Amino acid sequence: MRLEELIKTNSAIVENELDKYTNTSDGYGLTEIMRYSLLSGGKRIRPFIAIESYKLFAKDGADIKKVLPFACALEMIHTYSLIHDDMPCMDNDDYRRGRLTSHKVYGEAKALLAGDALLTYAFDVAASNTLVSPKSVVLAVRALSEYAGFSGMAGGQMIDLDSAHNVNSYESLKEMHSLKTGALIKCATLLGYYASTDEPDKSVEKALETFANDVGIAFQIRDDILDRIADTGVLGKPVGSDDKNGKTTSLSYLTVEEAQKEVDKFTGEAISVMTKLYETYSASEDRTLADFAKYLAERNK
C-alpha cells in the first residue's frame with residue numbers, strides 16, 4: 001500500500017474510534033465542543049506513528065486494535081494543546097484546519113474547558129485499554145504524562161510563551177522544538193512499542209526517542225517555512241502569523257533555504273535510525289516510518 005493511502009486508511013480508523021469515544025450526550029454539552037476540534041480532520045501524525053510503531057514491533061502487526069486506545073488518547077492530548085494554543089492568550093489564531101478555531105465558535109471559556117476535558121479523558125481512554133497487559137498500560141500512561149507535561153510539550157509551550165527571553169539562539173530554539181513538538185512524537189513511537197511489549201528494551205526506547213526528536217525538529221522547522229511561504233488556502237490557517245505575533249522561529253536565524261537544509265539534515269538522521277530498527281525487527285521490506293519522515297519533510301501543509 002502506498003504511503004498516502006496508508007495515511008488515509010489509518011486516519012479513517014482513528015477518526016472512527018475518536019467518534020465512538022466521544023459520541024455521548026454526557027458532559028452537559030461539553031462533548032459537542034470537544035468533538036468540534038477533535039473530529040476536524042488533520043494529519044493524525046501522532047496516531048499514525050503510534051500505529052506504525054506497533055506494527056514494526058508486534059508479531060501480530062496487522063491487528064492494530066491493541067494500540068488504538070493509546071493512539072486515540074495521544075490525539076486527544078494533541079487536540080487539547082491545539083485548542084489552547086489557538087486562544088488569544090497564546091497564539092491568538094482564528095483558523096485551524098481550514099475553519100474557525102474553537103474559541104471563535106464557542107467562546108474562550110468553553111474552549112478552555114473542552115481542552116481540559118480532552119486532556120483528562122485521554123488518560124481514561126489509555127488506562128481502559130484491556131487488550132494489553134496492565135504493565136503496558138502503566139508504561140503508556142507514564143509516557144503520556146511525561147511527554148505531555150512540564151518536562152515535555154507543556155514545558156516547550158512555556159519556553160515559547162516567553163521566547164524573547166528563553167530563546168536567544170538557534171540551539172535554544174531547537175531545544176524548544178524538541179519539547180513542544182518532538183515530545184508527543186516521542187510518545188507516539190513509545191506507545192506503539194509498549195502496545196507490543198511490556199518488557200521494553202532500553203536501546204530500542206533510545207533509538208525511538210532519537211528518531212522522534214529528529215522528526216519533531218524537522219517538522220517544526222518545516223512549519224516555520226510554511227508559515228512564511230505557503231498558501232493560506234492550502235495550509236488551512238493564516239500565513240504569516242509567526243511574524244505578526246513577533247515569534248522567534250528558525251527563520252529568525254536562518255534563511256528559508258538554510259532552514260530547508262536543516263529539515264533535510266534532521267530527516268536524514270531520522271531515516272537512518274529508523275531504517276536500522278526495521279532491519280532488526282521487521283521481516284517486511286516496508287520502511288513505513290522512515291518513508292513517513294521524508295513525507296513530513298516535503299509536505300506543503
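The values are calculated or read from the model by the stated rules, or taken from the named source; none is laboratory data. What you are looking at is a predicted structure, and each value in this text was computed from that prediction instead of being measured. Cβ coordinates were reconstructed from backbone atoms using ideal geometry, including for glycine residues, and neighbour counts include every protein chain displayed.
For the range 244-295, the set of residues classified as buried (at least 20 other Cβ atoms within 10 Å of the Cβ), at pLDDT below 95 and part of a helix (DSSP H, G or I) consists of S250 only. Evaluate the following for K104: is it part of a helix (DSSP H, G or I) and surrounded by fewer than 20 Cβ atoms within 10 Å (Cβ to Cβ)? In short, yes.
Scanning the range 250-280 for residues that are touching a helix residue (DSSP H, G or I) at 6+ places or on another chain (Cβ under 6 Å) and not aliphatic (A, V, I, L, M) yields S250, Y253, E262, F266, T267, E269, T275.
In the set S40, S11, only one residue is closer than 18 Å to L82 by Cβ, among the small types (G, A, S) and assigned to a loop (DSSP other than H, G, I, E, B); that residue is S40.
Scanning the range 85-98 for residues that are surrounded by 15 or more Cβ atoms within 10 Å (Cβ to Cβ) and free of Cβ contacts under 8 Å to residues at least 40 places away in the same chain, which turns out nearest to P47 (Cα to Cα)? Among them, the one singled out is D86. Within the range 190-213, residues that are buried (at least 24 other Cβ atoms within 10 Å of the Cβ) sit with their Cβ atoms under 7 Å from residues that are outside any helix (DSSP H, G or I), at 6+ positions apart or across chains, in these pairs: L191/V67; G192/V67; Y193/P200; Y194/P200; A195/K66; A195/V67; A195/V132. Taken together, the residues in the range 156-184 that are within 14 Å of S81 (Cα to Cα) and in a helix (DSSP H, G or I) amount to 10.
Scanning the range 43-60 for residues that are buried (at least 16 other Cβ atoms within 10 Å of the Cβ) and either in a loop (DSSP other than H, G, I, E, B) or basic (K, R) (or both) yields R44, R46, K55, A58.
Of the numbered criteria (1) without any contact (Cβ under 8 Å) to a residue 60 or more places away in the chain; (2) under 19 Å from E199 (Cα atoms); (3) hydrophobic (A, V, I, L, M, F, W, C); (4) surrounded by fewer than 18 Cβ atoms within 10 Å (Cβ to Cβ), the one L131 fails is (1). Taking the range 21-73, which residues are closer than 29 Å to K276 by Cα, over 14 Å from the mean Cα position of the chain (by Cα) and of a type in the set (V, I, T)? Those that are closer than 29 Å to K276 by Cα, over 14 Å from the mean Cα position of the chain (by Cα) and of a type in the set (V, I, T): I64, V67.
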